[in-house]
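In what follows, a single structure is set out as structure tokens and then discussed.
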Amino acid sequence: MPATNKDWSPHIVVATIVERDGRFLLIEERINGALVLNQPAGHWEPGETLIEAARRETLEEAGWDVEPTHLLGIYEWQPQSLSYPFVRFAFAATALRHHPDRQLDDGIERAVWMTPDEILQAEPRWRSPSVQTCIADYQAGVRYPLELIQHLAPSR
């Protein structure tokens, strides 16, 4: 049986994979001084569904309203430098409306649309392996219905 750690606490994050005209929406953000690339992504917050979190994070980080259409997958990643893993719920989403004057979250430099080749060439700047894995799954046609996630309201 694996060793347990009572302080072990995986971080639940959501991300959106947004494709438009052959380009994918990414953000450039500063992490520990380095400029890295990621999908619009962030932590799931109390009081919201995972789908609501995906919409919120995309607006806050990229300035785009999006509508999640499918669950792309659930991805677990344990960075060697951290004592906790990330569990990422990635959603395929449709871009609806851009808010170019919206202030983006702290640390976000800008939102960019990149081709798959440009993303591959930028591998040293990926925030995590999830960046390319999610795009590869999206391009392979992986899609699960949003109904796969059941949001159960608290009993009253």
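Matching residues to (1) touching a strand residue (DSSP E or B) at 6+ places or on another chain (Cβ under 9 Å); (2) closer than 20 Å to ARG23 by Cβ:
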{"site": "ARG97", "(1), (2)": "yes, yes"}
{"site": "GLN103", "(1), (2)": "no, no"}
{"site": "ILE108", "(1), (2)": "yes, yes"}
{"site": "TRP113", "(1), (2)": "yes, yes"}
{"site": "LEU120", "(1), (2)": "no, yes"}
{"site": "SER128", "(1), (2)": "yes, no"}
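Return yes or no: is LEU59 surrounded by 13 or more Cβ atoms within 10 Å (Cβ to Cβ) and not small (Gly, Ala, Ser)? The answer is yes for LEU59. Taking the criterion of being more than 23 Å from ARG143 (Cβ to Cβ) and crowded, with 18+ Cβ neighbours inside 10 Å, the residues of the stretch 89-108 that qualify are LEU104, ILE108. Of the residues making up the stretch 126-142, those that are touching a residue at least 24 places away in the same chain (Cβ under 8 Å) and surrounded by 14 or more Cβ atoms within 10 Å (Cβ to Cβ) are TRP126, ARG127, SER128, SER130, VAL131, THR133, CYS134, ILE135, ASP137, TYR138, VAL142.
Per-residue answers, yes or no, for (1) part of a helix (DSSP H, G or I); (2) farther than 17 Å from ILE12 by Cα; (3) polar (S, T, N, Q):
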position	(1), (2), (3)
GLY47	no, no, no
GLU60	yes, yes, no
TYR75	no, no, no
ASP105	no, yes, no
LEU120	yes, yes, no
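Taking the stretch 14-44 as the range and being hydrophobic (A, V, I, L, M, F, W, C) and either more than 19 Å from GLY63 (Cβ to Cβ) or part of a loop (DSSP other than H, G, I, E, B) (or both) as the test, the residues that pass are ILE31, ALA34, TRP44.
Taken together, the values in this text are just the output of simple stated rules run on the coordinates, not laboratory data. A quick note: this is a predicted structure, and the numbers were derived from the prediction, not measured. A quick note on method: Cβ atoms are made from the backbone with ideal geometry, for glycine too, and the neighbour counts reach across all protein chains shown.
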